[in-house]
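Accompanying notes for the structure given below.
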């Protein structure tokens, strides 16, 4: 893969990842990310670490 093509692919990939993280954060805020152990840990971490840092 040529460097220019790889660079373009990486830029598009980063946009997709950023959009995914934004949507995932909204799901965590609404409590729609599930009820498994990992989902509970994400909710706890978001509410006690990430959210206070944004204020």
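None of the figures in this text is laboratory data; all of them are computed from the coordinates on show. What you see is a predicted model; the values in this text were computed from it and never measured. Because the Cβ atoms are built from the backbone with ideal geometry, glycine has one as well, and the counts that use them run over all protein chains shown.
Some values worked out for this structure:
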{"item": "Helices (runs of 4 or more DSSP H) (entirely within the chain) containing at least 3 residues that are surrounded by 10 or more Cβ atoms within 10 Å (Cβ to Cβ) and in contact (Cβ under 8 Å) with a residue 12 or more places away in the chain", "result": "3-30"}
{"item": "Tally, over the range 21-44, of residues that are over 19 Å from residue 54 (Cα atoms) and out of contact with any helix residue (DSSP H, G or I) (no Cβ under 7 Å at 6 or more places or on another chain)", "result": "8"}
